[in-house]
Amino acid sequence: MAAVALNGLKMAATSQAYLESTPVNDTRKLLSDLCRHFYGLGWVSGTGGSITIKVHDESIPKPQQLIVMSPSGVQKERMVPEDMYVLSPSGCFLSSPSPKPYPNKPPKCSDCAPLFLKAYLMRNAGAVIHSHGMESCIVTMIDPLSKEFRITHMEMIKGIQGHGYYDELVVPIIENTAYERELTDALAEAIEAYPKTTAVLVRNHGIYIWGDSWIHAKTQAECYHYLFDAAIKLYQLGLDWSTPDHGPIKKYGGKTNMSVKAGTVNSNHETEPSRRCIVLDIEGTTTPISFVTDVLFPFARNNVSRHLAATYETDETQDDIKLLRTQVQNDLEQGIVGAVPIPPDDAGKEEVIAALVANVEAMIKADRKITALKQLQGHIWRTGFQNNELEGVVFEDVPEALQKWHASGIKVTLASYVSFYSFIFLTDVLLTFYVVLNF
Ligand SMILES: CSCCC(=O)C(=O)COP(=O)(O)O
Ligand SMILES: [Zn+2]
């Protein structure tokens, strides 16, 4: 019997008979064949890299299927079916290979086991391939600060689950550790953070790739390796693999936009982060100019009186009024059109506000770029955003671009001639970016 009912679920029977059954033996054989084949591709040479496949059995749901895994630290191309480990769905050893005479080491299951189990558990995978293919290693070195590999407009992207030719393929990169098992948490976090991904790159090391079946995992592994190889070759040709047209890598101030040298080496031979930074304007860059002209400025103009009245006693508004008084005094002395005297404080709040409003309206009409006006407008906008009377707008490609630059280790900062408050409250996107990433 291939399966037994347990707690209402079908579980692989771990009887000796099942462990010696055709599905298990076929999977052992398949795994040793694939080890040999992947060795030929350079994916599992020097004993590195590893493979695991679930024992496919129509009568057993995938989460309950047995797992076959390659042994650790061995010549992968010389594996035979008997060398394989068989594990329960939760990772308990059900069958281990017999020791071999000197110079073979005592048998041990792949160091990748905890990582493979994460892919099985979190993605319901049918097979996982850990490759040490050179291209999957080098592609993580082109930009040592990048946390993602991205590529688009390549036919082979279609071989990756859920992707078409025009899509951008994003593969997370995690940092290498001294021991394979120490990668487990970072791999799980990447799987969680990138719901669409079917692979995780390990910097200076290789890649983990999974699929619904061994065929799916293998096909995708071939496509991933092809794309990494293509990216490296395009880079060598000075071409940008990450853009749709794969045009020349652009230079900014002598630096490439996909610089290999994303940091500088100090006297201790340590890499210091590069000072690359993108300074973004708001109006017309992250946000349509019409949002500023048609929404922000009218809002400030229409709310001067209300804002001053509501916040008159606060230190902030008293400070704004002080600035305006100084500005208006200068304007009156220079005969600026529209400037009207502001009565002293003891004239009463209403009279002072009326004079302030008249002056501010004249300043706005003359489109004056003066601190007294900008500071007050900033405070009015901030109140508008806080009260949800204003809702910011960014172009649809802004959030993705911010994340991409951040992932590439590029610092992003915002600059705008309108007040500070206008952009940190511009949208949830920018606000989140500002607070969470602390750029
Ligand atoms: C030169 S291999 C170093 C260890 C490693 O990265 C690896 O993938 C080994 O996996 P194994 O299945 O042989 O434990
Ligand atoms: Zn490895």
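No lab work stands behind these numbers, since they all come straight from the coordinates. It should be emphasised that the depicted structure is a prediction, and the values quoted were computed from it without experimental measurement. When we count neighbours, we look across all protein chains shown, and the Cβ atoms used for this are built from the backbone with ideal geometry, even at glycine.
Using only Cα atoms, locate the centre of region 149-192 and the centre of region 82-120, then give the distance between them in Å, rounded to an integer.
Centre-to-centre distance over Cα atoms comes out at 26 Å.
Once amide H atoms are built 1.01 Å from N in the peptide plane, which residues 5 or more positions from ASP281, or in another chain, come under 5 Å H to H?
When sequence neighbours closer than 5 places are left aside, the close amide H contacts are ALA415.
Under 5 Å between amide H atoms, partner at least 5 residues away or on a different chain: which partners does VAL412 have, H built in plane at 1.01 Å?
Excluding prolines and chain starts, which carry no amide H, the hits are ILE278.
Under the Karplus relation 6.51 cos²θ - 1.76 cosθ + 1.60, θ = phi - 60°, what is the ordered set of whole-Hz ³J(HN,Hα) values for region 385-394, x standing for Gly and Pro?
Karplus-based 3J(HN,Hα) across region 385-394 equals 5, 5, 8, 6, 7, 10, 10, x, 9, 10 Hz.
At 7 Å along Cα-to-Cβ for each site, give me the label-to-label distance between ASP281 and ASN176 in nm.
Taking the simple label geometry, ASP281 and ASN176 are separated by 4.4 nm.
Sticking with the crude label model, points 7 Å out along Cα→Cβ, report the distance from LYS250 to LEU121 in nm, one decimal please.
4.4
How large is ³J(HN,Hα), in whole Hz, for each residue of region 221-230 in order, when computed from phi with the Karplus curve 6.51 cos²θ - 1.76 cosθ + 1.60 and θ = phi - 60°, using x for Gly and Pro?
4, 5, 5, 4, 4, 4, 5, 5, 4, 4
Among SER70, SER32, which comes first, second and so on when ranked by fewest other beta-carbon atoms within 10 Å?
Least crowded to most crowded, the residues run SER32, SER70.
Quickly work out the ASP294-to-LYS62 label distance, labels modelled 7 Å from Cα along the C-beta direction, and quote it in nm with one decimal.
That separation, rounded to one decimal, is 4.8 nm.
Between ASN330 and PHE395, take the C-beta separation as r, use R0 = 45 Å, and let me know the FRET efficiency to the nearest 0.05.
Step by step, r from the Cβ atoms, then E = 0.70.
Of LYS54/LYS105; LYS147/LYS233; LYS349/LYS369; LYS147/LYS196; LYS76/LYS105, which ones are farther than 22 Å apart at the Cα?
As for pairs spanning more than 22 Å Cα to Cα, those are LYS54/LYS105; LYS349/LYS369.
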